[in-house]
Amino acid sequence: MQVDIAIVGAGPVGLCFARALAGSGLKVALYERQAHAAIAQPAFDGREIALTHASREILERLGLWAKFDPFDISELRDARIFDGERTDGLTITARDGRSAQLGWLVPNQRIRQAAFDVVADAPDITVQGASSVRDVVQHANGVTLALEDGVRVEARLLIAADSRFAGVRRLLGIGVRTRDFGMRMLVCRVAHTQPHHHAAWEWFDQGQTLALLPLNGNRASVVLTLPPQQMAEVEALDDAAFAVDMQRRFRDRLGTMTTIGTRHVYPLVGVYADRFVAGRAALLGDAAVGMHPVTAHGFNLGLQGADRLAHAIREAHVAGRDIAGAGLLERWARTHRASSWPMYTATGLVASLYTDDRAPARLLRGATLRIAQRIAPFRRLIAGHLTQAR
């Protein structure tokens, strides 16, 4: 099989990258180890994705936003950060961002479904499920993929978008900085009797981290981070006991809670690739940068990096230049590194400081939140980072 661009990984970033190239005259193929049915009808995975204004613009242009059910789009109007028992932490409002909202929450399942739907009928894009890559060989004018089923694919450009534990990244000989936070994160939807006013919470409490992502109605996605042994105890609870436990952990601040969704648990591991480019191959999404979820910017970062690369490729193709030329890929890599490294580093520092239960760390973060609340320009700076409004 011969294609112009082979994308390994049909997650939302890989699919959106393919959609951004639709109609360009380039033949694009996606290869995903999951079965085709799992790509075409993704299962609910518990994750709610916080989308910035910049990401919404991209999703509108690609045709995804119009496919979302309005009930699945929840406004994020404010963000509140609490530390320990105190209730006077830092509040970032939409006004700080000079916007009607800081962003929007959309289920990851809906983004994946919409991303598949917009490429499913594109004549120049194919999606192949149950396809795992066994080997990658680069040569002067392209890349040869050897699939586990014996099929060989010749491509001018290879894109690895197969998760933060990417197998293709290893086949390309690209190392990665890995940070295992030694914690597990549980996400689950709940109903509650007190309104959340569309404010997101990040609560760094003694021995645990809690987050609340506001959904439409008196519903929310709760996020609990604990060490593995403690998380196993929470996982063992039935739905009724789990709701009581979460209500206790949130100190009854949202009234009575009821479990209304399935629970999903994920390990917290951050990754940052040593290189984003190797020959005629590039890394996208979590294969390049896998973020700790505390800043909720992982998907936004991956989507925007994919959009920039697709734009550069389209321009090169129209001009008759090599779509996988070293200059093109390296320029993109420098831009993506410049935008991702500060965010990745800052996220790690925040996660370390706000999960350290030693007395000096507790004093420092409490003081930091109180001071930040009093400095309007600092709040506006954070709000600008959260909204990415233009």
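The values are calculated or read from the model by the stated rules, or taken from the named source; none is laboratory data. Since the model is a prediction, treat every value here as computed from it, not as a measurement. As a convention, Cβ positions derive from the backbone with ideal geometry for all residues, glycine included, and neighbour counts pool all protein chains shown. Side chains included, ligands, DNA and RNA excluded: accessible areas come from the protein's heavy atoms. Shrake-Rupley method; radii C 1.70, N 1.55, O 1.52, S 1.80 Å.
Tell me yes or no: at least one residue of segment 177-189 is in contact with a strand residue (DSSP E or B) (Cβ under 6 Å, 6 or more places away or on another chain), polar (S, T, N, Q), closer than 30 Å to ILE313 by Cα and part of a strand (DSSP E or B).
yes
Regarding segment 13-24, can at least one residue be identified that is within 30 Å of ASP78 (Cα to Cα), of a type outside the set (Phe, Trp, Tyr) and in contact (Cβ under 8 Å) with a residue 60 or more places away in the chain?
Checking segment 13-24: at least one residue is within 30 Å of ASP78 (Cα to Cα), of a type outside the set (Phe, Trp, Tyr) and in contact (Cβ under 8 Å) with a residue 60 or more places away in the chain.
Under the condition of being in contact (Cβ under 8 Å) with a residue 60 or more places away in the chain and in a loop (DSSP other than H, G, I, E, B), which residue from segment 46-63 is surrounded by the fewest Cβ atoms within 10 Å (Cβ to Cβ)? Full working, then the answer.
Quick first cut of segment 46-63, residues in contact (Cβ under 8 Å) with a residue 60 or more places away in the chain only: 46-55, 57-59.
Adding the requirement that they be in a loop (DSSP other than H, G, I, E, B) leaves 46-47, 52.
On the way: GLY46: 21, ARG47: 18, THR52: 25.
Taking the candidates together, the pick is ARG47.
Let me confirm something: among ALA66, ALA43, which residue is outside any loop (DSSP other than H, G, I, E, B) and open to solvent by 20 Å² or more (accessible area, probe 1.4 Å)? Working first, answer last.
Values: ALA43 fails: outside any loop (DSSP other than H, G, I, E, B).
ALA66 is the lone residue from the list that is outside any loop (DSSP other than H, G, I, E, B) and open to solvent by 20 Å² or more (accessible area, probe 1.4 Å).
Within segment 53-63, does at least one residue satisfy the condition of being among the β-branched types (Val, Ile, Thr) and in contact with a Gly (Cβ under 9 Å, 6 or more places away or on another chain)? Quick ask: steps written out before the conclusion?
Within segment 53-63, the subset among the β-branched types (Val, Ile, Thr) is 58.
Subsequent filtering for residues that are in contact with a Gly (Cβ under 9 Å, 6 or more places away or on another chain) retains none.
No, every residue in segment 53-63 fails to be among the β-branched types (Val, Ile, Thr) and in contact with a Gly (Cβ under 9 Å, 6 or more places away or on another chain).
Could you list, ordered by first residue, the pairs with Cβ atoms under 7 Å in which the first is in segment 242-269 and of a type in the set (S, T, N, Q) and the second is open to solvent by 60 Å² or more (accessible area, probe 1.4 Å) and in a helix (DSSP H, G or I), at least 6 apart or interchain?
THR259/ASP239
Scan segment 289-301 and tell me whether some residue there is open to solvent by 10 Å² or more (accessible area, probe 1.4 Å), closer than 21 Å to GLU57 by Cβ and free of Cβ contacts under 8 Å to residues at least 12 places away in the same chain.
Among the residues of segment 289-301, not one is open to solvent by 10 Å² or more (accessible area, probe 1.4 Å), closer than 21 Å to GLU57 by Cβ and free of Cβ contacts under 8 Å to residues at least 12 places away in the same chain, which makes the answer no.
Take the conditions in a helix (DSSP H, G or I) and in contact (Cβ under 8 Å) with a residue 60 or more places away in the chain and apply them to ARG112. Does it pass? If you could, list the steps in order and put the result at the bottom.
Details: in a helix (DSSP H, G or I): yes; in contact (Cβ under 8 Å) with a residue 60 or more places away in the chain: yes.
Taking the combined requirement at face value, the residue satisfies it.
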